[in-house]
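Let me begin by presenting the structure, written as structure tokens, before commenting on it.
Any read-out appearing in this document is the output of simple, stated calculations on the displayed coordinates, not a laboratory observation. None of these values were measured; they are calculated from a predicted model. Cβ sites come from the backbone with ideal geometry, for glycine too, and all protein chains shown count toward neighbours.
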Amino acid sequence: MTTSSASPKKAPGKAATRKRSTTGKRATVKKTPAVKPAAVLIVGAGFAGLGMAIRLKQAGIKDIVILERASAVGGTWRDNQYPGAACDIPSNLYSYSFAPNPNWSRSFSGSEEILGYIHHLVAEFELEPYIRFEKNVEDLSFDEKKGIWTATTDKGEQFAGRAAVMAQGPLSNCSFPAITGIEDFTGHKIHSARWDHEYDFTGKKVAVIGTGASGIQIIPELVKQAGHVKVFQRTPGWVMPRPDFATPAWNKKLFEKLPASQQAMRNLLYWSHESMALAVIWKSPLTRIAERVARLHLRRQVKDRWLRRQLTPDFTIGCKRVLVSNDYYPALQKDNAKLITWPIARLSEKGVRTVEGIEHQVDCIVFATGFDVSHSGTPFPVKGRDGRVLGEEWQGGAQAYKSINVSGYPNLFMTFGPNSGPGHNSALVYMESQLDYAVKGIEKILKDDLKMLDVKEDVQRRHNKAIQKRLARTNWNSGCKSWYLTEDGFNATMYPGFATQYAAQMAEFEERDYETV
Amino acid sequence: MASIDLDKMLTKIKSTQWALSDIDWDAPGAELITEEQWPKLKDFMADLMWIEHVGARAFAAMAKKAPTDTLRQIYTYFHAEEQRHANAEMALMKRWGMLEGDEIPEPNINLRLVIEWLDRYSDDMPVYVLGTVVPMLEIALDGALCTFLLETVKDPVCHQAFEKINDDESRHLGVGFSVMEMQGRGKTFIGATKMLAPLLDPRLMLGIASYVPLLNKMRDNIITMGLPEERLYAAMAKFEKIGGYHVPVDGMVKLTGLIPRRALPAVPSWVRELTYQPTA
């Protein structure tokens, strides 16, 4: 296992003389440390990074280093602890099949419980010794002579690995949106993914900007606490009823005593979500039925015709993330809540100015505006063979082979890479396929003592051509604007198919698709 | 008329917004309203405000129908901007002591019908009908009503507000005619619309609005019978020329006056969004 006590001695090889980089500055200072590399270097200790470590350990690979920028594990679920935060896929499916939890308290667990499950994974699989906390990776470079990846942190520490896994997560960075006048607002600002637990909302006038997956979870909780809540909506989403129930004690006992029963429940949930693909991924008669269910849900919960109109989406269901909630619509109709659909003109010293000319004065603005999703870059410079830089190659939209490898970046595996996102099923189901595929690749590197396992460029090109052709027929590409697409409408995010298809794609590791050195 | 670049227009719209608080509603000048003017102005402003508000609702319907995302966004802004005009006009009324308490002026029965009609049917109207009627309303407002108002009223705050309102309206018109061109309207048609609009009085505009369902149905009937719709609009213009139009509108107004208020459904909630207060 390598540590930060890397020798400053200059190592030979191309890594030292790179010409291209995203910043231009780092290129000449990059050096490969002369330290013994770990077998696998993992960036990120969220669901993906920890899952990767578990699967590697189970395959007998224990020479692992996990670099985590924070001082605790959990990733998205550590960061998203806003009131009401919960998953919108049933917990029995939004968990790893290789680490079942019979004790989920509800069908859709809250973020605290999910974070608890992640901590449980760390304890159960004894992952703590592998994790290096407060290691914020700023650069990841490949030395092709040695066949080694080196991660450099913001403090200049270096860690090396024969294989590297980018598990930093697609939804891990957030920032306040670039709304005009945001710096003028003198009240309190909170981002949903960086919740301020110290702030007391009691009696406060609050604005919530954003009505996506986070917004609709936060709003009902804020309406319970705050004096008044104004909800600023740009585009209404489709909201489906949420079949959320407390798990009875007998059920937990059953799952504990008879794990097969929990597996059967998982299968049932899996297949019911698979069937939803027909409604949300492609336009089919089921799409209309799903829209009708959502409309009925709206009609049942909202009696006022104008409010219903304001809340009715004008895009095909599935084009944007489908929302699930039972308490969002009722919360909007409480006496201390108001939905505002006027466009925001700017933020001012005291609040939000909307285009109908009114300044809505508030004590606090909650930004439920989502994450900085990169469709065309990487969170830190990733440098592969011949000085190539991934962010530059991805400028027109990210592309990979089977979402996990990129040609020119040998021995590098990505979780939630390009075109791996589900719209209808559990992200962790997709994740498991990725982890197992990476294990196969890494096993190959270690077993055959390879310097490079690099996917062939033409194989990758063919794969992407097919993916994009299939994407063109999906609801995501049906004309709405969403975070799934780049500004130019390129879909580098979603996988156009069933989870079962994705699993089949990932089940086969074909050696002939790769160049090996 | 040269088509405008709608993307540039959207950027311009977004970057040139104003708010009620940009105007000092308590600045001197309110006393320039004469006693003789006051009651007429009160009625005029109430109607004007409601027309803006009704226009706002029509833009909301157009946003739902817009063929492109840019146009959808533009109409969403226009919807809010028309609402801003109504709010600003209400703030003027407040300034001139024309509001009883803090209440929104009660819409008259014709307006109630128009509001009810818009609420129920405008979302189902073909976009080219709205796309024709709305620019006509806008020209009428811009060209006739606002000019009249500014010539008559000396209050500088009124001028300040309407300078801003007119800037918005001219953009609304630019987009309106551009869209009519996009929809394949000929120069003659657009020209006729421009010419016809200033001749309209507010009552007729309301009449047109309350006529639209009828007109709509009639248009469908006529088209089914094989008459191109341009001919229908030409027929409307001719109708105007022979000066006969006041009769049906007046008749309509009289007739609707007999409808008991309680027979009407409750005012839709979008009407309650109006406010004269710059901050909320």
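Only Cα pairs under 8 Å and at least 6 apart count here; give the relative contact order of region A:233-370 as a rounded whole percent.
29 percent.
I need A:219, A:209, A:89 ordered by Cβ neighbour count within 10 Å, fewest first.
Lowest to highest Cβ neighbour count: A:89, A:209, A:219.
What's the ranking of A:38-47, A:504-513, A:119-128 by average number of surrounding C-beta atoms within 10 Å, highest first?
A:38-47, A:119-128, A:504-513
Using a/c under 1.5 as the rounded threshold, could you call region A:68-223 rounded, prolate or oblate? The axes a ≥ b ≥ c are square roots of the C-alpha gyration tensor eigenvalues, and prolate needs a/b larger than b/c, oblate otherwise.
oblate
Among the Cys residues of chain A, which have no other cysteine Cβ under 4.7 angstrom away?
So far as the 4.7 Å Cβ criterion goes, A:87, A:174, A:364 stand without a partner in chain A.
Just counting partner chain Cβ atoms within 10 Å, what average do the residues of peptide A:300-311 show around their Cβ?
Average neighbour count from other chains, rounded to a whole number: 3.
Using modelled backbone amide H atoms (1.01 Å from N, in-plane), which distant-in-sequence or interchain residues come within less than 5 Å of residue A:240's amide H?
A:323, A:324, A:325
Read phi for every residue in region A:117-130 and hand back ³J(HN,Hα) as whole Hz from Karplus 6.51 cos²θ - 1.76 cosθ + 1.60, θ = phi - 60°, with x for Gly and Pro.
4, 5, 4, 4, 4, 4, 5, 4, 9, 6, 9, 3, x, 8
Take A:369, A:211 and order them by how many other Cβ atoms sit within 10 Å, fewest up front.
Fewest to most other Cβ atoms nearby, the residues stand as A:369, A:211.
Provide a whole-number value for the mean count of partner chain Cβ atoms within 10 Å of the Cβ atoms in peptide A:348-356.
Shielding by partners across A:348-356 averages 6.
By DSSP, what percent of the beta bridges with both residues in chain A are antiparallel, rounded to the nearest 5?
Percentage antiparallel, nearest 5: 45.
Could you work out how far the C-alpha centroid of region A:217-236 sits from that of region A:36-80, in angstrom?
Between the Cα centre of region A:217-236 and that of region A:36-80, the gap is 36 Å.
Let me spell out the model: positive unit charges on the Cβ of Lys and Arg, negative unit charges on the Cβ of Asp and Glu, origin at the Cα centre of chain A. What dipole size does that give, in debye rounded to 20?
The calculated dipole for chain A is roughly 880 debye.
For region B:41-53, take each phi angle, set θ = phi - 60°, evaluate the Karplus expression 6.51 cos²θ - 1.76 cosθ + 1.60, and give the result in whole Hz per residue in order, putting x for glycine and proline.
Along region B:41-53, the couplings run 4, 4, 5, 4, 5, 4, 5, 4, 4, 5, 5, 4, 5 Hz.
List every residue whose amide H lies under 5 Å from the amide H of residue A:337, counting only residues 5 or more places away in sequence or on a different chain, with H placed 1.01 Å from N in the peptide plane.
The list, which skips near neighbours in sequence, is A:229.
Let me check against my output: what whole-number percent is the relative contact order of chain A, with C-alpha pairs under 8 Å and at least 6 apart?
19
So which aspartates and glutamates pass the test for residue A:62, namely a Cα distance under 14 Å, with those fewer than 8 places away in the same chain ruled out?
Straight-distance partners of residue A:62: A:126, A:128, A:443.
Counting other beta carbons within 10 Å of each Cβ, put A:141, A:214, B:15, B:178 in order, fewest first.
Going from sparsest to densest Cβ surroundings: B:15, B:178, A:214, A:141.
Kindly write out, for region A:149-158 in residue order, the coupling ³J(HN,Hα) from the Karplus curve 6.51 cos²θ - 1.76 cosθ + 1.60 (θ = phi - 60°), rounded to whole Hz, with x marking Gly and Pro.
Going residue by residue, I get 9, 10, 9, 10, 8, 5, 9, x, 6, 10 Hz, with x marking Gly and Pro.
Give the Debye-formula value of log10 I(q)/I(0) at each listed q (0.12 Å⁻¹), with one equal scatterer per alpha carbon of region A:180-283, two decimals each.
Results for region A:180-283 at q = 0.12 Å⁻¹ read -0.70.
Distance cut-off 29 Å, Cα to Cα: go down the list A:230/B:14; A:283/B:64; A:205/B:42; A:338/B:40; A:320/A:444; A:253/A:440 and report the pairs above it.
Long pairs (Cα-Cα over 29 Å): A:205/B:42; A:338/B:40; A:320/A:444; A:253/A:440.
I need two numbers for region A:291-429: Rg to one decimal and Dmax as a whole number, Cα atoms only, in Å.
Looking at region A:291-429, its Cα Rg and Dmax stand at 21.5, 63 Å.
Take peptide B:68-77, look around each residue's Cβ out to 10 angstrom, count Cβ atoms belonging to other protein chains, and average those counts.
Partner Cβ neighbours, averaged per residue: 2.
Given only helices, namely DSSP H runs of n ≥ 4 each adding -39500 (n - 2.57), what is the per-residue ellipticity at 222 nm of chain A, to the nearest 500 deg cm²/dmol?
Value at 222 nm, helices only, nearest 500: -9000 deg cm²/dmol.
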